[in-house]
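Reading through the structure tokens given below for one structure.
The values are calculated or read from the model by the stated rules, or taken from the named source; none is laboratory data. Keep in mind the model is a prediction, meaning the values are calculated, not measured. Positions of Cβ are backbone-derived with ideal geometry, glycine not excepted, and every protein chain shown enters the neighbour counts.
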Amino acid sequence: MSQVCDSIETLSMSYLDDELAPEEKRELELHLLECASCRAHLAEERQEVELLRERLATPPASELVRARAMRLLDREDAQVSRALLRERVARWALPGTSFVAAAAALLVFAFARTPSAPSAQRSFGGVVASHPTAALEVTGDETQPWLQRQIAGTVAPRFDGIKLLGGVPLIVAGRRVAKLQYEVRTTGAQRFRFEANLFKALDSDQEFGRPVQVGDHVLYVATINDLPTIAYRDARGIQYLFISRDLSASSLLDVLAQSNLLNAAR
Amino acid sequence: MSPDRSQRRKEFEQTALVHFDAMYGTACRLTRNPRDAEDLVQEAVLRAYRFWDSFQRDSNCKAWLLRIVTNTFINEYQRKKRSRQILDLATSEQAATDGVLIHADSQTNRGADKELARRAISDEVQQALDTLPDDFRHAVVLCDMQGLSYKEIAEIMECPVGTVMSRLFRGRKLLATALREFAVAEGYVREQPQAQARTASGDAPIDLNTYRAAQRREEKP
């Protein structure tokens, strides 16, 4: 009896599980050539393990099980995105800009515009100058029907976890503008606002600012009188101008990237 | 979704979710019915996704995932099972939201694979597996179903390789015996006493390291 014979249980198991080092494997194979008893043992073990492996196999997971797993991941992604957004909003937020100072700066800006500015820029400037607005004309659930009356066929953009407070109508450079106000609440119970101004774009309106690609869409980011503004025009020619006194351009962009406005088509 | 997030998701789907069947199969063998298997695999997938950043990119992803399945089973699933009654309430809500999915599912494969799964899991292999102590069952499932190495199984089970080998050895013998007993009971085969005799583990320890140590001793002058 060689030592291989003594350890044949261990060796045959390791051999069948492909756990032997090359030289151990060689040694065993050489031994098998001359030892009928070990050969028989290995053959028997092989048969048993192969049968077990065959019987243990399970069918693949059904499409339903997979679909549920994917839905779980979708939900997780949405939750994480919301939490990240809140965190970023809290990080980027300007420390308490005073309302009066902002309003004063806006007034200066509004009068400083040159009359030769392109019409969009003039309208945009006017919209920015109107920010922020104190009194909302409609609030909560009334906002959507109200918006329909202001600009037919438009839907208020929705943002995950962000509340639409309400709306107020404006006339800027002779155009009807619907101003929607949104509020972000952070986990630390801080509140930040931004607004969406909707109006029908004219063919003569030129986009201005830095173009930023978000998914399949191009947004234009500009800083107008220290306020981040982001412009977006949808396929039907509705112009959206997002402005915030609380948020930086990058966190405002983050917010927009989460909206149904940009994600509906995807 | 932010670009970082969708990149992460894409990577997870391409690297980890290709092992979904392996995770599900393992879950089927660890638990005892398709519903528990699904709960387990869903929870394990979610955990894997949450901890995806901690996965070492050059290591075996399948082993990493099966470790999560096994640990989830050991830690969470057992505890969860006790609160099953509470969860049952939530199932009706899930059933409602699944309506669309179930419809789509029946359109594509008419539930055939679900039926197959149910049959495979309730078969005598599962019954035989159920007779094994948990540690033995885990070792056999991870090795013979999923083809993990002893070292990978040792990491998952947090025990030495030698322990894996003896659990695997004894688990296989017990499983083979149980299957034979079922077959005998069902009248498929006649009893084979000589095969029965080998199921008792021999005197020699089942451990490659013991063998290797003995080899080294012999080589020394």
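The combined condition, being outside any helix (DSSP H, G or I), without any contact (Cβ under 8 Å) to a residue 12 or more places away in the chain and not hydrophobic (A, V, I, L, M, F, W, C), is not fulfilled by residue B:21.
Yes/no per residue for (1) assigned to a loop (DSSP other than H, G, I, E, B); (2) without any contact (Cβ under 8 Å) to a residue 40 or more places away in the chain; (3) surrounded by 18 or more Cβ atoms within 10 Å (Cβ to Cβ):
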position	(1), (2), (3)
A:194	no, no, yes
A:197	no, no, yes
A:204	yes, no, no
A:208	yes, no, no
A:213	no, yes, no
A:218	no, yes, no
A:229	no, no, yes
A:235	yes, yes, no
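Can you say whether residue B:31 is among the hydroxyl-bearing types (Ser, Thr, Tyr), crowded, with 18+ Cβ neighbours inside 10 Å and within 12 Å of another protein chain (Cβ to nearest Cβ), as far as the supplied structure shows? It is true that residue B:31 is among the hydroxyl-bearing types (Ser, Thr, Tyr), crowded, with 18+ Cβ neighbours inside 10 Å and within 12 Å of another protein chain (Cβ to nearest Cβ). Residues in region A:9-26: is at least one under 30 Å from residue B:45 (Cα atoms) and more than 9 Å from chain B (Cβ to nearest Cβ)? Looking through region A:9-26, none of the residues is under 30 Å from residue B:45 (Cα atoms) and more than 9 Å from chain B (Cβ to nearest Cβ). All conditions but one from (1) assigned to a helix (DSSP H, G or I); (2) out of contact with any Phe, Trp or Tyr (no Cβ under 8 Å at 6 or more places or on another chain); (3) more than 7 Å from every other protein chain (Cβ to nearest Cβ) apply to residue B:36; the one that does not is (2). Looking only at region A:203-221, count how many residues are over 17 Å from the mean Cα position of the chain (by Cα) and more than 22 Å from residue A:176 (Cα to Cα). Count: 4. Checked across region A:177-186, the condition of being assigned to a strand (DSSP E or B), of a type in the set (Lys, Arg) and touching a helix residue (DSSP H, G or I) at 6+ places or on another chain (Cβ under 9 Å) holds for at least one residue.
Quick one: would you say residue A:78 is over 23 Å from residue B:36 (Cβ atoms), at the interface with chain B (Cβ under 9 Å from one of its Cβ atoms) and surrounded by 15 or more Cβ atoms within 10 Å (Cβ to Cβ)? I'd like the intermediate steps shown before the answer.
On the way: over 23 Å from residue B:36 (Cβ atoms): yes; at the interface with chain B (Cβ under 9 Å from one of its Cβ atoms): yes; surrounded by 15 or more Cβ atoms within 10 Å (Cβ to Cβ): yes.
Spelling it out, residue A:78 is indeed over 23 Å from residue B:36 (Cβ atoms), at the interface with chain B (Cβ under 9 Å from one of its Cβ atoms) and surrounded by 15 or more Cβ atoms within 10 Å (Cβ to Cβ).
Checked against the criterion of being over 19 Å from residue A:249 (Cβ atoms), at pLDDT 55 or above, among the aliphatic types (A, V, I, L, M) and surrounded by 14 or more Cβ atoms within 10 Å (Cβ to Cβ), the candidates A:89, A:138, A:128 yield just one match: A:138. Scan region B:158-179 for residues that are touching a Lys or Arg at 6+ places or on another chain (Cβ under 9 Å) and over 12 Å from residue B:132 (Cα atoms) and jot them down. Answer for region B:158-179, where residues must be touching a Lys or Arg at 6+ places or on another chain (Cβ under 9 Å) and over 12 Å from residue B:132 (Cα atoms): B:159, B:161, B:164. Across region B:77-95, not a single residue is classified as of a type outside the set (Val, Ile, Thr), closer than 29 Å to residue B:8 by Cα and at pLDDT 65 or above. Residues being surrounded by 13 or more Cβ atoms within 10 Å (Cβ to Cβ), modelled with pLDDT of 90 or more and more than 7 Å from chain B (Cβ to nearest Cβ) are represented in region A:63-70 by at least one member. When we screen B:41, B:100, B:125 for residues that are of a type in the set (Val, Ile, Thr) and at pLDDT 90 or above, the only hit is B:41. Number of residues in region A:237-266 that are outside any helix (DSSP H, G or I) and within 17 Å of the chain's Cα centre (by Cα): the value is 5.
State all residues of region B:148-192 that are assigned to a loop (DSSP other than H, G, I, E, B), among the aliphatic types (A, V, I, L, M) and at pLDDT 90 or above; if no residue qualifies, say none. Give the steps one after another, and end with the answer.
We begin by selecting, within region B:148-192, every residue assigned to a loop (DSSP other than H, G, I, E, B); these are B:148-149, B:158-160, B:186-192.
Remaining after also requiring among the aliphatic types (A, V, I, L, M): B:148, B:189.
B:148 - this is the single residue of region B:148-192 that is assigned to a loop (DSSP other than H, G, I, E, B), among the aliphatic types (A, V, I, L, M) and at pLDDT 90 or above.
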